[in-house]
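The values are calculated or read from the model by the stated rules, or taken from the named source; none is laboratory data. None of these values were measured; they are calculated from a predicted model. Methodologically, a virtual Cβ is constructed for each residue, glycine included, from the backbone with ideal geometry; neighbour enumeration extends over all protein chains shown. Calculation scope for accessible area: heavy atoms of the full protein, side chains included, ligands and nucleic acids excluded. Shrake-Rupley method; radii C 1.70, N 1.55, O 1.52, S 1.80 Å.
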Amino acid sequence: WTMKALQIGAGLVGRIIAADLSRDFETTVVDFDPKNLEEARKLAPKARVVQGSCTDEAVLAPLLEEADVVTAGVPGRLGYGLMERVIRAGKPYSDISFMAEDFEALDGLAREAGCAVVPDMGVAPGMSNFLVGRGAALLEEVEEAVIYVGGIPERKVPPFNYQVTWSPEDVIEEYTRPARCVRDGAVREVEAMGELNQREFPRVGVLETFITDGLRSLVKNVKARTMEERTLRWPGHVEQIRLLRDMGLFDTEPRNLGGASVVPRKVACDLLFPLWKMDPDAGDRDLTVMQVEVTGFKGRDRVTHRWDLFDRYDEATGMYSMGRCTGSSCAIFARALAQGRISRPGVHAPEVLAGDDALYDFVLEQQSARGLRYVESTRVVRDVR
């Protein structure tokens with residue numbers, strides 16, 4: 001008897017989740033767009049594909065009925081409704097949909113339905129949360145937690161030194177949305193792209209880092225004096241982006257420009273995407289760089305737990321690195337759900353699961369088996385208090 005997996009959404013990351021699961025699950029992929037399904041079929045030839053919308057009850061109900069585990073990567077605006085639908089079907093669920101709503105509001109419903117749900121389970125958010133949670137579980141008191149993460153081109157491409165492997169609108173949103181961070185134990189909002197600095201990273205060199213709004217549920221679930229997420233780019237990128245922002249090119253209200261009423265951000269996307277588009281056939285390759293550092297106290301000692309990830313475009317499959325890091329993480333947690341490694345009913349943000357030693361070992365072994373190595377290191381300063 002082979003377990004059955006249902007992947008909802010066959011976009012850039014959804015099809016990677018499907019390919020991963022189809023190694024040992026009887027996998028079905030559902031998507032509204034036939035082109036996405038065609039790409040999914042190339043990457044996951046053993047998977048069954050079904051054309052249909054994630055909001056279409058007639059399509060979804062029978063697929064949910066037969067599934068042993070469900071995964072999804074749908075637009076954020078559809079994420080909460082879909083999560084509620086999967087919970088009502090009583091199915092374990094791992095999701096990367098980055099919804100605006102508070103997914104923990106569905107915890108009671110999931111407990112009633114008897115199913116376990118892991119939301120935001122990509123690389124960041126996702127593994128970033130899990131590792132911050134792990135660091136916090138190993139300490140008695142957290143002083144500081146910092147996530148550094150970025151998807152960047154392997155080679156700098158002037159003038160922006162940047163290429164994108166997902167929607168340029170989502171990237172611009174990251175550059176404009178005020179960022180939540182924790183200062184002196186309280187949640188604060190700071191300007192997006194604020195507090196710009198530079199830092200050296202293993203195997204890459206010096207990158208610029210700036211605060212972005214990626215902490216998500218960590219703000220509620222990990223108590224720290226200081227906590228922030230910082231996005232990584234090649235030096236010089238932020239200066240260019242701030243110029244465009246200050247010109248009003250990222251505004252979302254229509255304006256009269258050049259004699260026509262336009263939404264500046266839509267124009268900016270149309271102009272930027274051709275410049276930022278990654279073309280693997282022309283030699284373009286992407287990198288994923290992440291460093292998670294959690295510092296605090298255990299007894300009298302000051303301890304820092306750190307994890308470093310460096311990953312490159314996959315030559316064998318043609319998968320973008322960021323998509324692979326994201327999709328693999330979602331699929332690994334789906335396996336943990338299907339195998340009963342995460343069995344307590346409810347909606348569990350990744351960080352609240354990280355104190356489980358057996359689950360932590362399983363997740364890092366599974367990542368490593370896919371060539372994704374989270375290199376862990378610990379620094380201890382004895383008797384500081």
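Here the contact order of region 142-263, divided by its residue count and restricted to Cα pairs under 8 Å and six or more residues apart, works out to 30 percent. Mean separation of Cα pairs under 8 Å and 6 or more residues apart, divided by the residue count, gives region 286-385 a relative contact order of 39 percent. For region 176-248, taking Cα atoms only, Rg and Dmax work out to 13.5, 38 Å respectively. Taking the three principal axes of the alpha carbon atoms in region 86-171, the coordinate ranges are 54, 36, 19 Å, sorted in descending order. In percent, what relative contact order does region 1-97 have, based on Cα pairs under 8 Å that are 6 or more apart in sequence? Once divided by the residue count of region 1-97, the mean separation gives 29 percent.
Each Lys or Arg adds one and each Asp or Glu takes one away; over the other residues whose Cβ falls under 14 Å from the Cβ of Asp31, this sums to +1. In the context of the full set of protein chains, the chain has a per residue accessible area of 43 Å² (1.4 Å probe). Assuming charge only on the beta carbon of Lys and Arg (+1) and of Asp and Glu (-1), the dipole of the chain about its Cα centre is about 520 debye to the nearest 20.
Listed by chain and number, the lysines placed with their C-alpha closer than 22 angstrom to that of Lys35 are Lys46, Lys277; residues fewer than eight positions away on the same chain are left out.
Atom-type composition of the exposed protein surface of region 235-301 places 53 percent of the accessible area on carbon and sulfur (1.4 angstrom probe). Extending 7 Å from Cα along the Cβ direction at Val157 and again at Arg77 yields two label points whose distance is 2.7 nm. Taking Lys and Arg as +1 and Asp and Glu as -1, the other residues whose beta-carbon sits under 9 Å from that of Arg199 total -1. Of the peptides 22-35, 85-98, 163-176, 277-290, the order by per-residue mean of other Cβ atoms within 10 Å, starting with the highest, comes out as 85-98, 22-35, 163-176, 277-290.
A viscosity of 1.567 mPa s and a temperature of 4 °C, combined with the Kirkwood radius over C-alpha pairs in the Stokes-Einstein formula, give region 293-381 a diffusion coefficient of 87 µm²/s. Percentage of Cα-Cα pair distances in the chain greater than 30 Å, rounded to whole percent? Cα-Cα pairs of the chain separated by over 30 Å account for 40 percent. In the chain, the calculated helix contribution to ellipticity at 222 nm averages -10000 deg cm²/dmol per residue, counting -39,500 (n - 2.57) for every DSSP H run with n ≥ 4.
With the convex hull of the Cα atoms taken as the outline of region 16-172, the averaged projected area works out to 12.5 nm². The modelled label-to-label distance for the pair Ala105/Glu144, using points 7 Å beyond Cα in the direction of Cβ, is 3.6 nm. Placing unit charges on the Cβ atoms of the charged side chains and taking the dipole of region 1-94 about its Cα centre, the candidate lying farthest along the positive direction among Val70, Ala47, Met83 is Ala47. Is the shape of region 204-298 rounded, prolate or oblate, going by the alpha carbon gyration tensor and its root eigenvalues a ≥ b ≥ c, with a/c under 1.5 for rounded and a/b larger than b/c for prolate? Oblate shape, in that a/c is at least 1.5 and b/c is the bigger or equal ratio. Using θ = phi - 60° in the Karplus curve 6.51 cos²θ - 1.76 cosθ + 1.60, the 3J(HN,Hα) couplings for region 359-374 round to 5, 4, 4, 4, 4, 5, 5, 5, 4, 4, 4, 9, x, 9, 9, 8 Hz; x is entered for Gly and Pro. Pairwise Cα separations in region 1-66 fall into 5 Å bins from 0 onward with the following percentages, short to long: 4, 22, 32, 24, 15, 3, 0. Only protein heavy atoms count here; on that basis, with a 1.4 Å probe, Ile342 has an accessible area of about 10 Å². Who wins for biggest fluctuation among Arg255, Arg199, Arg341 in a Gaussian network model of the chain, springs between alpha carbons below 10 Å? Of Arg255, Arg199, Arg341, the Gaussian network model singles out Arg255 as fluctuating most. Share of carbon and sulfur in the accessible area of region 1-151 stands at 50%, probe radius 1.4 Å. Here the Karplus relation 6.51 cos²θ - 1.76 cosθ + 1.60, evaluated at θ = phi - 60°, turns the backbone of region 315-321 into coupling constants of 5, 5, 10, x, 7, 5, 4 Hz, with x for every Gly and Pro.
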